[in-house]
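Undergrad: The structure under discussion is supplied below as structure tokens; questions concerning it will follow.
The values are calculated or read from the model by the stated rules, or taken from the named source; none is laboratory data. Please read these numbers as outputs of a predicted model, since none were measured by experiment. In this analysis, Cβ positions are derived from the backbone assuming ideal geometry, glycine residues included, and neighbour counts consider all displayed protein chains. When the accessible area is computed, the model is the full protein with side chains, heavy atoms only, and any ligands, DNA or RNA have been set aside. Shrake-Rupley method; radii C 1.70, N 1.55, O 1.52, S 1.80 Å.
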Amino acid sequence: MSLQVRVADQVLDVADRRAATEALVHKYDAFLNLLCDGKYAFQRDAVRAAWRFLVSDQYPDLASLARANWGTKEAIRQRHGSLDALLGRMPLRDKKAVSLDLATGTGKSYVMYALAALALAEGLADRVLVLCPSLTIEDGLLRKFTAFIETHEFGAILRELGAAVAIPGLKRGNETIGRGDICIENIHAVYENAGSSIADSFRGVGGRTLILNDEAHHLFSPEDAALKKWLRFLLNPVYDFRFIVNVTGTPYVGNDYFPDVVYRFGLKEAIAKPVVKKPNYKLEDTLTAHDWQQTYAIHRQNWAAYGARLKPITIVVTQEIARCVEVWRELIDFLVEKEGLSRADAECKCIWVTSGIPSGVRDKARVEAACPRRDDRDSPEKRRMENLALLAEVDRPGSPVEWIVSVSMLTEGWDVKNVFQIVPHESRAFNSKLLIAQVLGRGLRIPPGFDDQPLVTINNHEAWSGEIANLLKDILEVENTLSWGYEPSRARYTFPLYNLRYQPEQTTVETKQKPAREPEVTFLPQARTTTEWSTFSETGRLAVEISHHDLYDIEAAVAYMYLFLREKDEALAQVWTKERLRKFIVDGLEAGGYDTTFLSKANLLQLQEAFGPMFRELGEPHPRLSQVAQEVVSVDLQEVPRQAFSESTLKEHGAVYYAAGAQPSFDGHEVQLWEHYQKARQIANIDDSLLNEDVREIVGRLHQVDLRAFKTPWNVHYASYEPERQFSDRLFANADLFDAFVKMPDRGGYAFPYSYKPAQAARTHTANENFNPDYFIRVRDAHDILVVEIKQEGDDSNRNRAKYRDGTQHFATLNRRLAEAGEPWRYHFYFLSPEDYSFFFDKVRQKAFAGWKSGLMQGLGSQLSTTSVGGGHRA
């Protein structure tokens, strides 16, 4: 279990919006618009986020940016605990250094070239050094940057914008790097040639150099001794580098997200855009161990689906190099038998790819045993290098390679686009967010020529599918959601709604004649940590331990309350000593069975409210305010804010209703999620045992209704809990009685004020809140609007009595105002619990709904006298 903090909420905000900064940020928009266009426009936002930080004098270093965000972002405080802890996780905190999180396949090279070009054009830097973890990646970057530099339009636009350098020079580390040059080099060559041109070209000029670190997760999560020197090189005072931007699609150290990210375009956005393939996760499996036959069957399905356009590739991922070669050997044996191939032919179709050969005696022997020498000149290292050369060609039609076995943490470049199946061969290859993102990244790139969004199947073992889905949940930003609200194609079901504007005015004065009684308080449940349960689309319920920080040690709580009483009433503080307060608090906590060593913030507020009535002076008048109705105002259903619900709330107690034969409108990833629901529903209609329990629960919450009965302007109708679901069932069953209806959101739709006494005995202060009724229903061929609030059976709390009281007065006033204005609309207000539903619809069918009262309303109305003191409405 872990503390749940949304990744998106941890992104640092570069908040400098001053005119001078804005001018620099947008000075090169014409260049960025040409370089990053169409569905890749998000690359411009990534460039601007980093560029804004680099050019802003408001943030002299990363530490200053971190301090600014510490004060504004609760998620950052929650995750790190202290500012010192946050800064301690930033080894580049004294530099102008930040990170960009761009999912694999989203074009990181475009963003890096844009930053290099802008830095040279503006004169922020004289040189740019691009560092990467391998020679393969270096070669790829050189090809891409060469193409950028040779694009005439890019240089022409920069020249027109007055760039100090319009066309950069492109160098490798073995050449002298001068002003206006971009140098691309793999970090290993930098160490091995410390006295080379890198040292000569950058010694003493680091303050005028921009460093771009590609695949920067290797920088902070080094896998070998050479990579561990990468960070040391950046911090070397001989160079004194100042401007640094790290770029990666997997910004994790283990499971911890980078603390210095200023822009994020994660897998969720990339899939929804779509600029990468859509992952196709395994839901359930009867197999308890890996079977090559299943993997082979999926591989053949991919050939059937995509083989006419290209050659589909399957990759198998292991955790370590020796095991990688052993699994390759197992796959070769399988292909020889399955396809009747010679071993040489099978080895042409399947290669293994690693970043090196193990140096340990035992692991080296395992590699040699799995990959025997073909002749006297052969060796595992020779075979590895041959395979790397083949890897660069696998997407080409002439390449015979269909299968690749690799390690999960691969430092070599990977630009293969034809991957359509990923097989995590063991859980250790998939046991952290970093590894999951790395492995997924192998198969996300979309091949050229695809207008549709292809799938990449993740063929993991069923035994640890829960682990995968858990980590994917975090990588894809917590949990799937669907939204509901106005759909233009259903505008015919809108209808006029009217409300009243209220403003508070003094209407009465209360004079206290006798002292308040001793305070009484019932503390709320409290604990230092609680286990919260969430339900997710793939794994079902997940236990998350939440650590609560808004706590006061008992002595601090006592001291705080004593100071509170002294400030309010010195005489009261003399009576309520610290010893008496401590006993009062501890006794209350013990009565509730709670930990007595601390007090939660919520319970401290409960305690303060309990003492509140004791501060009023006898004989002194205390004004009472009431909300007074003003003019009639219109409520436009088309302007009601769109709402959202999560899969967990849907599975726990929600229900979704949608029209048969009509496709609800959704945006982005919601379209794919809804398609997934519908496919699962089709499977359930055939045999629901083919679905796992969580998917069956979701499917059971989807209710298709006749198109003629779906008389709402919303895309779908969402019921939040069981009484609402029961009412909605009857509403659709009796749709012939109505012209239209809407289920209103809990806030932002239709609201008016009400006041109530929170305690049953009505002895505490009056609370003022907004009431948002659940349903607005237009009666067929009439100007009558039925306003329905749904409650559990027997729910006659003070709050509901006050809602009924003030709601009744509100709609009576509204009807009177509408009549005075000559408007025909009339509102009828109801509180219903499930036992009232049959009577309600019968009364509507009999056209006898006006003035009818449900059993719940009669119970609430009989007790109105006990809640009528203070607050309330005035017409």
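Undergrad: Only one of (1) touching a strand residue (DSSP E or B) at 6+ places or on another chain (Cβ under 9 Å); (2) more than 19 Å from residue 317 (Cα to Cα) is not met by residue 377, so which one is it?
TA: The number of the failed condition is (1).
Undergrad: So if I check each of 423, 401, which one is closer than 25 Å to residue 249 by Cβ, touching a Ser or Thr at 6+ places or on another chain (Cβ under 7 Å) and surrounded by 12 or more Cβ atoms within 10 Å (Cβ to Cβ)?
TA: Result: 423 is the single residue among 423, 401 that is closer than 25 Å to residue 249 by Cβ, touching a Ser or Thr at 6+ places or on another chain (Cβ under 7 Å) and surrounded by 12 or more Cβ atoms within 10 Å (Cβ to Cβ).
Undergrad: Considering only the stretch 825-840, state which residues are under 16 Å from residue 776 (Cβ atoms) and either of a type outside the set (A, V, I, L, M) or without any contact (Cβ under 8 Å) to a residue 60 or more places away in the chain (or both).
TA: Matches in the stretch 825-840: 825, 826, 827, 828, 829, 830, 831, 840.
Undergrad: Can I ask one more? Do you know which residues across the stretch 51-68 are open to solvent by less than 10 Å² (accessible area, probe 1.4 Å), under 15 Å from residue 84 (Cβ atoms) and out of contact with any strand residue (DSSP E or B) (no Cβ under 6 Å at 6 or more places or on another chain)?
TA: Result: 63, 66.
Undergrad: Moving to a separate point now. From the set of residues in the stretch 682-712 that are crowded, with 19+ Cβ neighbours inside 10 Å and over 26 Å from the mean Cα position of the chain (by Cα), which is nearest to residue 775 (Cα to Cα)?
TA: Looking at the filtered set, the residue picked out is 712.
Okay, residues lined up against (1) of a type in the set (D, E, K, R); (2) open to solvent by less than 10 Å² (accessible area, probe 1.4 Å); (3) closer than 22 Å to residue 723 by Cβ:
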residue: 773; (1), (2), (3): no, yes, yes
residue: 777; (1), (2), (3): no, yes, yes
residue: 781; (1), (2), (3): yes, no, no
residue: 786; (1), (2), (3): no, yes, yes
residue: 792; (1), (2), (3): no, no, yes
residue: 799; (1), (2), (3): yes, no, yes
residue: 809; (1), (2), (3): no, no, no
residue: 815; (1), (2), (3): no, no, no
residue: 842; (1), (2), (3): yes, no, yes
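Undergrad: Hey, among the residues in the stretch 146-172 that are in contact with a strand residue (DSSP E or B) (Cβ under 6 Å, 6 or more places away or on another chain) and open to solvent by less than 30 Å² (accessible area, probe 1.4 Å), which one's nearest to residue 57 (Cα to Cα)?
TA: Filtering the stretch 146-172 for residues that are in contact with a strand residue (DSSP E or B) (Cβ under 6 Å, 6 or more places away or on another chain) and open to solvent by less than 30 Å² (accessible area, probe 1.4 Å), the one nearest to residue 57 (Cα to Cα) comes out as 168.
Undergrad: Based on this model, can you work out whether residue 675 counts as more than 28 Å from residue 495 (Cα to Cα) and touching a residue at least 12 places away in the same chain (Cβ under 8 Å)?
TA: no
Undergrad: Of everything in the stretch 338-365, what is open to solvent by 60 Å² or more (accessible area, probe 1.4 Å) and basic (Lys, Arg)? Give them in sequence order.
TA: Once the filter is applied, which keeps residues that are open to solvent by 60 Å² or more (accessible area, probe 1.4 Å) and basic (Lys, Arg), the stretch 338-365 yields 338, 343, 362, 364.
Undergrad: State which residue pairs qualify: first residue under 12 Å from residue 218 (Cβ atoms) and in contact (Cβ under 8 Å) with a residue 24 or more places away in the chain and inside the stretch 243-265, second residue in a strand (DSSP E or B) and charged (D, E, K, R) in any location, beta carbons under 6 Å apart, and separation of 6 or more residues or different chains.
TA: Note: pairs meeting the criteria are 247/214; 251/101.
Undergrad: Continuing with the same structure: Which of the residues that make up the stretch 346-381 are under 23 Å from residue 335 (Cα atoms), within 45 Å of the chain's Cα centre (by Cα) and without any contact (Cβ under 8 Å) to a residue 24 or more places away in the chain?
TA: Matches in the stretch 346-381: 346, 347.
Undergrad: Here is a further query. Read through the list (1) in a strand (DSSP E or B); (2) over 21 Å from residue 91 (Cα atoms), then give the number of the only condition that residue 245 fails.
TA: Condition (2) is where residue 245 drops out.
Undergrad: Kindly provide the set of residues from the stretch 804-833 that are within 20 Å of residue 774 (Cβ to Cβ), of a type in the set (Lys, Arg) and modelled with pLDDT of 95 or more, ordered by number.
TA: Start the filter on the stretch 804-833 by keeping residues that are within 20 Å of residue 774 (Cβ to Cβ), which leaves 804-812, 814-815, 825-833.
Of the ones still in play, those that are also of a type in the set (Lys, Arg) are 805, 826.
Listed by number, the list holds a single entry, 826.
Undergrad: Looking at residue 673 and the list (1) in contact with a helix residue (DSSP H, G or I) (Cβ under 7 Å, 6 or more places away or on another chain); (2) surrounded by fewer than 20 Cβ atoms within 10 Å (Cβ to Cβ); (3) over 26 Å from residue 740 (Cβ atoms), which single condition is not satisfied?
TA: Of (1) in contact with a helix residue (DSSP H, G or I) (Cβ under 7 Å, 6 or more places away or on another chain); (2) surrounded by fewer than 20 Cβ atoms within 10 Å (Cβ to Cβ); (3) over 26 Å from residue 740 (Cβ atoms), only one is false for residue 673: (1).
Residue-wise test of (1) at pLDDT below 95; (2) touching a Ser or Thr at 6+ places or on another chain (Cβ under 9 Å); (3) closer than 26 Å to residue 46 by Cα.
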| site | (1), (2), (3) |
| --- | --- |
| 168 | no, no, yes |
| 195 | yes, no, no |
| 218 | yes, yes, yes |
| 226 | yes, no, no |
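Undergrad: In addition: If residue 502 meets every condition in (1) open to solvent by less than 90 Å² (accessible area, probe 1.4 Å); (2) out of contact with any Pro (no Cβ under 8 Å at 6 or more places or on another chain); (3) modelled with pLDDT of 80 or more; (4) over 30 Å from residue 711 (Cα atoms) apart from one, which number is that one?
TA: (2) is the only condition that residue 502 fails.
Undergrad: If you don't mind, there's one more thing I want to ask. Looking only at helices (runs of 4 or more DSSP H) that fall completely inside the stretch 283-385, which ones have 3 or more residues that are small (Gly, Ala, Ser)?
TA: On the way: elements: 292-306, 321-339, 343-349, 361-370.
Because the criterion is at least 3 residues that are small (Gly, Ala, Ser), the helices (runs of 4 or more DSSP H) in the stretch 283-385 that meet it are 292-306, 361-370.
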